[in-house]
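Below is one structure, written out as structure tokens; comments come after it.
The values are calculated or read from the model by the stated rules, or taken from the named source; none is laboratory data. Source: prediction; values computed, not measured. Using ideal geometry, Cβ is built from the backbone for each residue, glycine included, and neighbour counts are taken over all protein chains shown. Only protein heavy atoms, including side chains, enter the accessible area calculation; ligands, DNA and RNA are left aside. Shrake-Rupley method; radii C 1.70, N 1.55, O 1.52, S 1.80 Å.
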Amino acid sequence: MKLNGIKENEDFYYNEQGYKVFTEKFHLKRGYCCKSGCRHCPYGYDKKTDTFIKKAKN
């Protein structure tokens, strides 16, 4: 997936250390889990156990 056209504060933001953090919206647009243990993973991936945890829908 090309990262052209991503928007700050919609698809990502910068954390206190200056790292780019992708949002849940970005991950859903991408369409799959990268299994990197992303902070806003909408797929429920747990890097420590290498499993997917079902998230309760609101």
Open item on the list: So for the chain, if I pair up every lysine 8 or more residues apart or on another chain, how many of those pairs have alpha-carbons under 22 Å apart?
Closed with: 27
TODO: Kindly report the accessible area of the chain per residue (heavy atoms of protein chains, probe 1.4 Å, no ligands, DNA or RNA), in Å².
DONE: 84 Å²
TODO: Over the range 12-52, calculate the relative contact order: mean separation of alpha carbon pairs under 8 Å at least 6 apart, over the residue count, as a percent.
DONE: 27 percent
Task: Total charge dipole magnitude, the chain, about the Cα centre, Cβ charges on Lys, Arg, Asp, Glu only, Debye to nearest 20 - done: 240 debye
TODO: Please give the contour-minus-distance gain from Tyr13 to His40: 0.36 nm per residue of separation, less the Cα-Cα distance, rounded to one decimal in nm.
DONE: 8.6 nm
- [ ] With the convex hull built on the Cα atoms of the range 12-52, state its orientation-averaged projected area in nm².
- [x] 2.9 nm²
TODO: With θ set to phi - 60°, apply the Karplus curve 6.51 cos²θ - 1.76 cosθ + 1.60 along the range 12-25 and write out the HN-Hα couplings as whole Hz, x wherever there is a Gly or Pro.
DONE: 7, 8, 9, 7, 4, 8, x, 7, 7, 10, 7, 8, 4, 4
